[in-house]
Structure formats: structure tokens, C-alpha cells
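J.: Shown below is the structure under consideration.
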Ligand code: SF4
Ligand code: SF4
């Protein structure tokens, strides 16, 4: 008799446990306000990407098309993946001194792991991480970017 | 001693046959390849084949500086990225004898415990998925998504952080951090009861995990199992308690040890650990000390000649980093003792003589991360 009772009560508690789970599932099914799924390409306008998100490396340019990079190559040496290639040209200033200036700041997005160590290493704080993330292109070559804008100059450190 | 090339022969013998699970199988969570010798439904032998996602992280690290190689460790156990980074950072700090500011220590513990929560949540969802319950997966992702958003705001990434660096952390907390973490913990304390309703109390789940996949205590010790897997077999092995680091010694939390050793116990240990993590976060979130978030460390790190070892508790067990330094700016040898590798070793003993259908349940509660096994 006792065994029979235990048998039926175990069946009953089994159904009860299934019912508990199903009730929770149905609760969320009938409460559309609790849905958290976002429809990505449709919600691009309202999408919130935090400012700190590491999307890509950019060279900071100000409104006069001037950047702060002195071509010291610290970032290139720090980068663990060889993502950065910096070429410089030597220019003669008016008073006859030789000076290295930045020619090309080449950034290979396809090889970057977004570790932000180049940002840490830069003594001039000339580069930063930007929160853009839609990087897909049709050709791999397009991922190799030149970061200094055409015609940009080194920011003059001397105050006039 | 001769090392056998193939433990399980490729041909079937009468009455027994060999099947392959993986390397691409929905229930192996990655590229784990198991060769299983069966007698009917009974498992006679299991042989894991590794190396499908071997990237040579240890070897690459030998040619990178101490600071540079840390980002690679986020790619070992990607669900415990913060802990892996922390292990390497602690090792460098030990070698250089740097004192980490109190604020950085508090931030580290907060981040690490959030990561543990996120990791266990994902495990909980996928454990349900392995056993045929689909809805837990979405419930788990609801909370995990909030944690990842918090990470995204402060660390800038969601999975492969590289946030904890030698000397402290990479950047300061986002202004909303405290508010968001509080809201999350408050919400999760309510939501964790839904976990019990959906899976813990579910009769199908219980029948599939209770009294299945026993890992005896002495076997767990000799296999070097760690983390929730070992703690479910009655071994006290929480590194946070045994060898406290980053100020865990000042916090009040308890180590979850249960001794039954079956799949369901491993499940319960992780559920309880989530509650402990929330308890730790509760203690710290209101009193994050003011001050620097990073101590000054030289640009190029050179560890003094010698051997260094540091261990931390990741979401899956004990991670050990062993470095031999010859005084140069790159390590002479670096070795990671990863928790999943040892826990995988337990699989062939646990699953022996059980049914093939139980293998999935056993693997789900072992919570293996394959990139961590292969490195
Ligand atoms: S973020 Fe890291 S991988 Fe990318 S360019 Fe900078 S240092 Fe190199
Ligand atoms: S970006 Fe910074 S670190 Fe890199 S070359 Fe320019 S100044 Fe030097």
C-alpha cells in the first residue's frame, strides 16, 4: 500500500515539476514586455555602443587636420601582432636641423586583436580606440588602412 | 616504456564497436574529439583526441614580452578571461614586487566575480541545452548579457578582455558601474529562483543527472581535478581560500564542498557558487576604495632571473602559470596548468560503464572549454 502511494506521489511530483517550468515559460511567452532580444540591423539608429568599446584604432586629428604623432614607433614595437607599420621621412627644418616626420601610419585591421596596448604605449596620446564595429568589407586589402588623413601635419607644440 | 599510438583500434571487434563523437558535434561545445568503444549502449573506453584548436600560446608567449603575452591568455579559457589575465599579472607583480593599489584590487575582484557569474550562467544554459531543454539557454543569456554590457562599458570588450594588467587594471571604472552592478545583483537574486524552477527541480533533468557519472574523491585527487568538479567530490581546493590573492582573505565567503560526486552534485556546486559570488560582490560594491587604479610599472618588464609560479581560481578550477625567467624581457619558458585539461582526464573514468546517453550529461556538468585544453 505504501509502495503504491509512493509510486503515485512520485508521478504527481514529476508532473508538478514539469508544470512549474512550463508555467514560467508561458509567463514569459504571454508578457511581451519582458522580451530583451534586439533586432540588430533594424535598430542601428538606437543601438547603444559604449564609448570605451574597442572597435578600431584611429589617429586623433583636430579641426585643423593636425595630429600628434611624432613617428617614434613605440606603438609599432609594442603591438604583439605586427599590425602597425609606421614610415617616416626626414625633413630639414628652416634652421638646418634634421627632423623625422610621419609619412604613413598603416594599420592592418585584419590583424588587430583590439588589445589596446598601442594606446597605452603611445607617449603623445596620439591614438585612441573608436567604438565603430561594422568593419566587414569585400576585399581583405581594404582592411589595411592609412590612418593619417591626406595633407595632415604634426600638431605644433610651440605656443604662438 | 612504449607509448601506444592508438589506444582504441580503428576496426570493430565482434560485439564491440567504435564511434567518434566530434570534432564537430553539437554536444561537445567545441572541437573535442572522442573515440568511444561501445558494447551495445555501454561505454567500455573513451579516448579523447586533442589538438584541433592548438595555437601554441605557450610558445608564442616565449617571443613576446610579459605585458604583450597577457592578451593571449584571454583566448585560452575565454569564459574566464579576467582570471587568466589576473594570473599573469599577479605573477609579474610577484616577480617585480609591485604593490597593487587597493582600488585596483577591489576592481579586480569585482570583475573576476562578475566573470564567474557570467561563466556559470552560460554553463547553466548550455547544460540545459545538452539535455534537451532549450528555454534555460535564453534565461541564462538574459543575465549574462547584462554582465557583458557592464564589461563592455568599462573594459571595452565583451569576451577577450585584456583588462587586468601588471600593476592594476587598464582603465578606471565607468561612472555607471556601481549602479548597474547593484541593479544586476538585485535582479539576479530574484531570477536565480527561476533557474531552480526550470532546471534544478525538473524531474527529467534530475533523473538524467542524479546517480550518474560518479567521480570518487581519491580518483579526483590523483587526476588533479580542480574547481567545481573536484569540490563536488568532497575536495576542498578553492585557491581563493587556500592561497588568497588580491584581498580575498578580507572577504567573507564560503567554499562550497559537497561529497556525493555525481553529475547533479556538480550542478548544485555551481549554483551555490553563483550565490557566493553575489555575496562577494555585495560586500565590495559599496566600498570600492578611492585612489589609483594602477601602480607605475616600467614600459619594458624584465623579471629577475628565476622561477615563478602563481595560481588563481578560474570559473573551472585552478589555473597555474609557471615562468622560468633568464632576466630577459621575454620569458625563457612559460607553462600554463589549465583546469580543463585535468578535468578532461576525469572523463574517461567517470563515463566508463555508463550508457552513451549519459555521456552528454556528464560532459555538460564537467563544463569543458576546449581552447583551454589545447592552448
Ligand atoms: S590594439 Fe593591440 S593588436 Fe591592435 S594595433 Fe594596437 S597593439 Fe596591435
Ligand atoms: S602613434 Fe604614438 S607611439 Fe605611435 S609613432 Fe605616433 S607618437 Fe609614437
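The rows are residues; the columns are (1) at pLDDT 85 or above; (2) buried (at least 24 other Cβ atoms within 10 Å of the Cβ); (3) within 22 Å of residue B:157 (Cα to Cα).
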site	(1), (2), (3)
B:40	no, no, no
B:45	no, no, no
B:52	no, no, no
B:57	yes, no, yes
B:62	yes, no, no
B:69	yes, no, yes
B:83	yes, yes, yes
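J.: On the given criteria, is residue B:334 under 22 Å from the mean Cα position of the chain (by Cα), part of a helix (DSSP H, G or I) and in contact (Cβ under 8 Å) with a residue 60 or more places away in the chain?
T.: no
J.: Pick out the one residue from B:116, B:108 that is under 21 Å from the mean Cα position of the chain (by Cα) and over 30 Å from residue B:306 (Cβ atoms).
T.: Residue meeting the stated conditions: B:116.
Condition check ((1) part of a helix (DSSP H, G or I); (2) at pLDDT 90 or above; (3) over 30 Å from residue B:129 (Cα atoms); (4) touching a strand residue (DSSP E or B) at 6+ places or on another chain (Cβ under 6 Å)) across all residues:
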position: B:225; (1), (2), (3), (4): no, no, no, no
position: B:237; (1), (2), (3), (4): no, no, no, no
position: B:249; (1), (2), (3), (4): yes, no, yes, no
position: B:254; (1), (2), (3), (4): no, no, no, no
position: B:259; (1), (2), (3), (4): no, no, no, no
position: B:296; (1), (2), (3), (4): no, no, yes, no
position: B:301; (1), (2), (3), (4): no, no, yes, no
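J.: Can residue B:100 be described as away from chain A (no Cβ under 14 Å), assigned to a loop (DSSP other than H, G, I, E, B) and touching a helix residue (DSSP H, G or I) at 6+ places or on another chain (Cβ under 7 Å)?
T.: yes
J.: Here is a follow-up. Would you mind stating whether residue A:54 is at the interface with chain B (Cβ under 10 Å from one of its Cβ atoms), surrounded by 12 or more Cβ atoms within 10 Å (Cβ to Cβ) and in contact with a strand residue (DSSP E or B) (Cβ under 6 Å, 6 or more places away or on another chain)?
T.: It is true that residue A:54 is at the interface with chain B (Cβ under 10 Å from one of its Cβ atoms), surrounded by 12 or more Cβ atoms within 10 Å (Cβ to Cβ) and in contact with a strand residue (DSSP E or B) (Cβ under 6 Å, 6 or more places away or on another chain).
J.: Go through segment A:86-114 and count every residue that is within 15 Å of ligand 2 (Cβ to nearest atom), touching a residue at least 12 places away in the same chain (Cβ under 8 Å) and either within 14 Å of chain B (Cβ to nearest Cβ) or within 18 Å of residue A:154 (Cα to Cα) (or both).
T.: The total comes to 12.
J.: Here are some conditions: (1) touching a residue at least 12 places away in the same chain (Cβ under 8 Å); (2) over 17 Å from residue B:278 (Cα atoms). Residue B:120 meets all but one. Which one does it not meet?
T.: All conditions are met except number (2).
J.: Exactly one of (1) without any contact (Cβ under 8 Å) to a residue 24 or more places away in the chain; (2) more than 10 Å from every other protein chain (Cβ to nearest Cβ); (3) touching a strand residue (DSSP E or B) at 6+ places or on another chain (Cβ under 8 Å) is unmet by residue B:156. Its number?
T.: Unmet condition: (2).
J.: Determine if segment B:103-122 includes at least one residue that is modelled with pLDDT under 85, more than 14 Å from chain A (Cβ to nearest Cβ) and surrounded by fewer than 24 Cβ atoms within 10 Å (Cβ to Cβ).
T.: no
J.: Among the residues of segment A:32-48, are any touching a strand residue (DSSP E or B) at 6+ places or on another chain (Cβ under 9 Å) and not in a helix (DSSP H, G or I)?
T.: No, segment A:32-48 contains no residue that is touching a strand residue (DSSP E or B) at 6+ places or on another chain (Cβ under 9 Å) and not in a helix (DSSP H, G or I).
J.: A follow-up question, please. Out of all the residues in segment A:91-118, which are near ligand 1 (Cβ under 7 Å from one of its atoms) and in a strand (DSSP E or B)?
T.: A:107
J.: Go through (1) away from chain A (no Cβ under 14 Å); (2) crowded, with 24+ Cβ neighbours inside 10 Å; (3) in contact with a helix residue (DSSP H, G or I) (Cβ under 8 Å, 6 or more places away or on another chain) for residue B:91 and report which single condition fails.
T.: (3)
J.: Hey, can you tell me all the residues within segment A:69-85 that are away from ligand 1 (no atom under 11 Å from the Cβ) and either free of Cβ contacts under 8 Å to residues at least 40 places away in the same chain or crowded, with 18+ Cβ neighbours inside 10 Å (or both)?
T.: Listed by number, the residues that qualify are A:69, A:70, A:71, A:73.
J.: If you take the residues in segment A:128-160 that are within 14 Å of ligand 2 (Cβ to nearest atom) and within 14 Å of another protein chain (Cβ to nearest Cβ), which one is farthest from the chain's Cα centre (by Cα)?
T.: A:128
J.: Confirm whether residue A:117 is within 14 Å of ligand 2 (Cβ to nearest atom) and surrounded by 13 or more Cβ atoms within 10 Å (Cβ to Cβ).
T.: yes
Residue-wise test of (1) farther than 18 Å from residue B:115 by Cα; (2) in contact with a helix residue (DSSP H, G or I) (Cβ under 8 Å, 6 or more places away or on another chain); (3) surrounded by fewer than 20 Cβ atoms within 10 Å (Cβ to Cβ); (4) more than 14 Å from chain A (Cβ to nearest Cβ).
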{"residue": "B:207", "(1), (2), (3), (4)": "yes, no, yes, no"}
{"residue": "B:214", "(1), (2), (3), (4)": "yes, yes, yes, yes"}
{"residue": "B:220", "(1), (2), (3), (4)": "yes, yes, no, yes"}
{"residue": "B:224", "(1), (2), (3), (4)": "yes, yes, yes, yes"}
{"residue": "B:229", "(1), (2), (3), (4)": "yes, yes, no, yes"}
{"residue": "B:242", "(1), (2), (3), (4)": "yes, no, yes, yes"}
{"residue": "B:261", "(1), (2), (3), (4)": "yes, yes, no, yes"}
{"residue": "B:274", "(1), (2), (3), (4)": "no, yes, no, yes"}
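The values are calculated or read from the model by the stated rules, or taken from the named source; none is laboratory data. Because the structure is predicted, anything quoted here is derived from the model rather than measured. All Cβ positions, even for glycine, are placed from backbone atoms using ideal geometry, and neighbour counts span all protein chains on display.
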